[in-house]
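Peer 1: Below you'll find the structure I mean.
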Amino acid sequence: MGPVLDGLVKLQSVENRLRAAKAKLARCRRSVIIQENQIRSLQNAFEAKKEEIQLTKIQSDRLELELKIRDDQIARLRASLNTAKTNKEYAALLTQLNTTKADNSKNETQILDLLKDIEADEDECEKIQNQIDQQKQTLEQTRKEAEILATKYEAQIEEIQIEWNQVAQAIPADPLEIFKRVAETYDGEALAVVDRQGVKTEVYACGGCFMSITAESVNLLMTKDDIIRCANCTRILVLGSEENI
């Protein structure tokens with residue numbers, strides 16, 4: 001290979017290191033975002049549980065009011081029993097009294113169940129709050145560690161970028177522009193090494209997409225310093241070690 005393709009091979013090596021450093025920086029920052037999202041999720045669960053408790057208390061208060069109203073009805077019915085003038089009137093009042101007492105008993109059971117639900121939900125709220133507090137401590141630690149790592153990776157990126165620029169200066173504008181476009185398409189992997197499919201054959205494949213490459217393309221790579229691209233994936237083809245070709 002000539003100076004252009006050799007330069008692209010060197011640039012690919014630097015590009016790989018540059019993208020690896022950028023990926024580390026992104027993961028380091030993402031770890032903080034993940035922790036923040038976890039806290040936000042817990043806070044949403046906490047607020048939802050508090051709202052559920054509030055609704056349950058409203059329902060319990062409504063039943064308590066009904067219970068109080070029926071208690072007043074029971075007191076009036078008991079008073080009326082003492083003044084009933086006939087057996088029929090007495091029996092009707094007694095039936096109404098028993099029905100109201102039965103309804104009250106149901107209300108009391110429902111209120112007790114609701115109070116148990118409130119107690120369980122309040123315990124759950126406390127657990128969630130504890131999780132939030134612990135998660136905040138973890139977030140603070142993660143943020144500190146991320147800041148240290150981010151400073152380290154940013155310095156590495158700056159250093160590698162300088163090296164990338166230096167290598168790129170030796171490459172003509174058109175090949176460099178092609179490299180950049182293909183690199184953006186394939187997450188930095190702009191080059192593909194030509195693979196020979198068997199020692200005794202002249203059948204070749206692209207090392208990027210594994211589709212076949214004509215012998216003419218390989219011959220051009222051997223004799224010229226031109227950009228030859230895979231017809232399938234459009235990566236820039238380069239020769240590997242001599243034993244592979």
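Every number here is computed from the coordinates shown, using simple stated rules; none is lab data. This one's a predicted model, so the numbers in the text were calculated from it and none came from an experiment. Because the Cβ atoms are built from the backbone with ideal geometry, glycine has one as well, and the counts that use them run over all protein chains shown.
Peer 1: For the chain, what is the percent of antiparallel DSSP beta bridges, rounded to the nearest 5?
Peer 2: If I count the DSSP bridges inside the chain, around 65 percent turn out antiparallel.
Peer 1: Net charge within 14 Å of Asp72 by Cβ-Cβ distance, Lys/Arg positive one each and Asp/Glu negative one each, not counting Asp72 itself?
Peer 2: Net charge around Asp72: +1.
Peer 1: Now for a separate question. Could you pull out every residue, at least 5 positions away or on a different chain, whose amide H is within less than 5 Å of the one on Ile213? Hs are placed 1.01 Å off N in the peptide plane, and Pro or chain starts have none.
Peer 2: Correct list: Tyr204, Ala205, Cys206.
Peer 1: Simple spin-label model, 7 Å along Cα-to-Cβ: Asp103 to Glu163 in nm?
Peer 2: The modelled label-to-label distance comes out at 8.5 nm.
Peer 1: Oh, and also: May I ask you to order 18-25, 170-177, 189-196 by the average number of other C-beta atoms within 10 Å around their residues, highest value first?
Peer 2: Those peptides, ordered most packed to least, come out 189-196, 18-25, 170-177.
Peer 1: Also, quick follow-up: Name the residue farthest towards the positive end of the dipole of the chain from the options Ala84, Gly2, Ala190, assuming +1 on Cβ of Lys and Arg, -1 on Cβ of Asp and Glu, about the Cα centre.
Peer 2: Ala84
Peer 1: Using only alpha carbon pairs under 8 Å that are at least six residues apart, calculate the relative contact order of the chain and give it in whole percent.
Peer 2: Relative contact order, the chain: 30 percent.
Peer 1: Grab the DSSP H runs of the chain that are 4 residues or longer, score each as -39,500 (n - 2.57), total them, divide by all residues and round the 222 nm result to the nearest 500 deg cm²/dmol.
Peer 2: For the chain, the value works out to -28000 deg cm²/dmol.
Peer 1: Projected area of the range 14-170, taken from the Cα convex hull and averaged over every viewing direction, in nm²?
Peer 2: 13.6 nm²
Peer 1: Between the helical axis of 3-82 and the dominant principal axis of the chain, each derived from Cα atoms, what acute angle in degrees is found, rounded to the nearest 10?
Peer 2: With rounding to tens, the tilt is 10 degrees.
Peer 1: Using 27 Å as the Cα-Cα cut-off, could you pick out the over-long pairs in Lys22/Lys180; Lys49/Lys144; Lys106/Lys127?
Peer 2: Lys49/Lys144; Lys106/Lys127
Peer 1: Expected output is a single nm value to one decimal: the length gained when fully extending between Ile33 and Glu66, i.e. 0.36 nm times separation in residues minus the C-alpha distance. What is it?
Peer 2: 6.9 nm
Peer 1: Place a +1 charge on the Cβ of each Lys and Arg in the chain and a -1 charge on the Cβ of each Asp and Glu, then give the dipole magnitude about the Cα centre in debye, rounded to the nearest 20.
Peer 2: 740 debye
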